[in-house]
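What follows is a single structure, written as structure tokens, with notes after it.
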Amino acid sequence: MSKEQILGAIRRGLRRGPLPEDQAMALRARLAAHPRHLIPARSRLPRPDQILLFVRNLEKEFATVARVPEADAVPGVVADYLAAQNLPPSFAMAPHPELQALPWDSRPLLTRREGRAEASDQVTVQHGYAGIAETGTLMLPGGPRRPTTLNLLSETEIVVLRASRVVGAYEEAFDLLRAELVPAGGMLPRNVMLVTGPSRSADIESTLELGAHGPRRLHVVLIDDDSAALA
């Protein structure tokens with residue numbers, strides 16, 4: 001069923017006809033322009049402070065962060081984190097070119113399987129698309145190179161993110177999606193997860209429980225590749 005058929009069925013159910021042309025034109029213009037809403041001032045900071053805000057907000061939401069000076073340091077940080085958490089040195093990893101290019105062989109005890117996560121996986125390593133400083137949120141769009149199951153099935157998720165991909169506000173993160181995918185002939189992802197800290201819930205007796213419906217640990221490896229953020 002097409003979008004017009006769905007909207008037509010809704011109009012019939014509400015006993016409404018088509019929109020007047022002036023309202024239809026205004027609606028089409030709004031959808032095409034992506035107008036900005038009020039953006040909180042807390043994310044309008046100099047670049048180094050913006051990255052620090054992102055890190056602080058991540059940690060405030062029970063995530064942990066390791067900053068590394070270059071991508072080649074990622075395997076060592078992953079190995080050290082797994083050892084510190086008494087976790088096995090094995091994981092399911094997103095088949096993303098940036099992750100595949102890392103020198104995993106420098107840590108021969110690490111074993112990895114590329115692809116979707118399985119229920120038996122204790123640890124997953126995901127490629128971070130973008131970070132949002134105002135709330136410490138990770139944007140994780142689904143797709144063949146970033147399977148969504150990596151964000152849901154394991155108890156421990158490690159996300160590798162470049163500092164140059166941290167933006168101030170949500171609107172800027174969605175600008176990246178539209179700018180990088182749609183002009184190239186692609187489509188926006190079917191699924192875009194916005195992850196702020198590990199999974200948690202306080203629904204039962206107002207007691208906070210980590211890992212309620214997803215990973216109970218979230219560890220972000222932030223690659224300091226943005227020279228402006230280091231100024």
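The values are calculated or read from the model by the stated rules, or taken from the named source; none is laboratory data. Please read these numbers as outputs of a predicted model, since none were measured by experiment. Backbone-built Cβ (ideal geometry, glycine too); neighbour counts: all protein chains shown.
Rundown of residues vs (1) touching a Ser or Thr at 6+ places or on another chain (Cβ under 8 Å); (2) outside the structural domain of Leu161 (by TED's automatic domain parsing), yes/no style:
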{"residue": "Gly17", "(1), (2)": "no, yes"}
{"residue": "His37", "(1), (2)": "no, yes"}
{"residue": "Ile51", "(1), (2)": "no, no"}
{"residue": "Val55", "(1), (2)": "no, no"}
{"residue": "Val123", "(1), (2)": "yes, no"}
Say we look at region 52-81 and pick out the residues that are not in a helix (DSSP H, G or I) and not β-branched (Val, Ile, Thr); which of these is surrounded by the most Cβ atoms within 10 Å (Cβ to Cβ)?
Ala63
Select from region 125-164 the residues that are free of Cβ contacts under 8 Å to residues at least 40 places away in the same chain and of a type in the set (S, T, N, Q) and write down the one among them that is surrounded by the most Cβ atoms within 10 Å (Cβ to Cβ).
Gln126
Would you confirm, using the coordinates I've provided, whether Glu98 is of a type in the set (Asp, Glu) and in contact with an Asp or Glu (Cβ under 8 Å, 6 or more places away or on another chain)?
no
Quick one: which residue in Glu134, Glu155 is among the acidic types (Asp, Glu) and more than 22 Å from Leu52 (Cα to Cα)?
Glu155
Can you name every residue in region 111-158 that is among the basic types (Lys, Arg) and not in a loop (DSSP other than H, G, I, E, B)?
Arg112, Arg113, Arg146
